[in-house]
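The values are calculated or read from the model by the stated rules, or taken from the named source; none is laboratory data. What you are looking at is a predicted structure, and each value in this text was computed from that prediction instead of being measured. Neighbour counts run over all protein chains shown; Cβ positions are idealised from the backbone, glycine included. The accessibility values were calculated without ligands, DNA or RNA, using every heavy atom of the protein model including side chains. Shrake-Rupley method; radii C 1.70, N 1.55, O 1.52, S 1.80 Å.
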Amino acid sequence: MSSPQSPLRLVFTDLDGSLLDHQTYSYLDALPQLHALERLGIPLIPATSKTRVEIEFLRAELGNVHPFIVENGAAVFVPCGYFASQPDGMVERDGYWVRELAPGRDRWLDLLQMLYQEFPDEFDHFHRSGIDGIVRMTGLSRARAAEANRREYSEPVQWLGTPERRAQFLARLQDAGATVLEGGRFLSVAGDSDKGRALTWLREIYCHYRATEACHDLAVGDSRNDCAMLEAAETALVIRSPVHDPPALRRQEGVILSRDFGPAGWAEGVARWLAGQHSQTTQ
Ligand SMILES: [Mg+2]
């Protein structure tokens, strides 16, 4: 963390399509700014739909030691010892302090099991189909499929039936308390959480331990599931995507829209934010 005298600054970032290239998953174009954040002692906090295991691989590669937000805001993971004491509301698990903001995956597996009676052979999902099934559904390698299956808070479902029955299926899930995010290939069945609430919660924890109320935070994202986070931070950096329009935000102030796509846009936007931060502190 940065020294006690410097203002608290945080960067919360989406991964796919933001820090990572949409096609290649490379972050090479962002490296200069990743190094700049490290030099300035500004924590880089991944906030993603990815699972804990998937983020752990990337953190290890980047040498990132900071907290992270998993599965679209379902939980916040803080390495044990990161703050001076264990924050209220967190439980210790596997070397982390964990704050859960949504029910666990078992709840959704039980619900899907129940719905299987009503919608037999009309849907498949990761847990039911196993590694071979995930490879078939996604085209991932076996190792990557195994990682993707180590989910803790959500379940990807592939709909196989008609559009009419799909609408009934969605209604049944929602009636049972599930939030369903409709992705390109899968329905993600999960609890009612978002990256914005996770950001807000973690920012308060940082402020508490730094004994400050002032936090200059930047949220970076490229998609609709980033909107809550982009609205919640002091500054929003919207990364252009080669495959879809930038997500629409309610706010108009404090928004940076990248010119480039993916990690190149990430680097350009973070540089603009840092330049603004610098001019603020030298005024
Ligand atoms: Mg994204």
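For region 127-283, the fraction of 1.4 Å probe accessible surface lying on carbon and sulfur atoms is 49 percent. Between 0 and 90 degrees, the angle of helix 262-282 with respect to the longest Cα principal axis of the chain falls at about 30 degrees. Take the Cα of GLN23, step 7 Å toward its Cβ, do the same at VAL243, and the gap between the two points is 1.2 nm. Axis angle, to the nearest 10 degrees, between helix 105-118 and the longest C-alpha principal axis of the chain: 30 degrees.
Going from most exposed to least, what order do LYS195, LYS50 have by accessible area with a 1.4 Å probe?
Solvent-accessible surface, decreasing: LYS50, LYS195.
Averaging the sequence gap over all C-alpha pairs within less than 8 Å and six or more residues apart, then dividing by the number of residues, gives the chain a relative contact order of 22 percent.
A simple rule links phi to the HN-Hα coupling: the Karplus curve 6.51 cos²θ - 1.76 cosθ + 1.60 with θ = phi - 60°, which for region 247-254 gives x, 7, 10, 6, 6, 10, 7, x Hz, with x for Gly and Pro.
Rolling a 1.4 angstrom probe over the protein heavy atoms with all chains in place gives the chain an accessible area of 48 Å² per residue. Rounded to the nearest 10 square angstrom, VAL135 shows an accessible area of 40 square angstrom against a 1.4 Å probe.
For region 24-152, the alpha carbon positions stretch 55, 38, 19 Å along the principal axes, listed from largest to smallest. Split the accessible area of region 52-95 by element, probe 1.4 Å, and carbon with sulfur accounts for 50%. Placing a pseudo-label 7 Å from each Cα along the Cα-to-Cβ vector at LEU40 and ARG250 gives an inter-label distance of 2.8 nm. GNM on the chain, alpha-carbon springs under 10 angstrom: the most fluctuating residue among PRO242, PRO163, PRO32 is PRO163.
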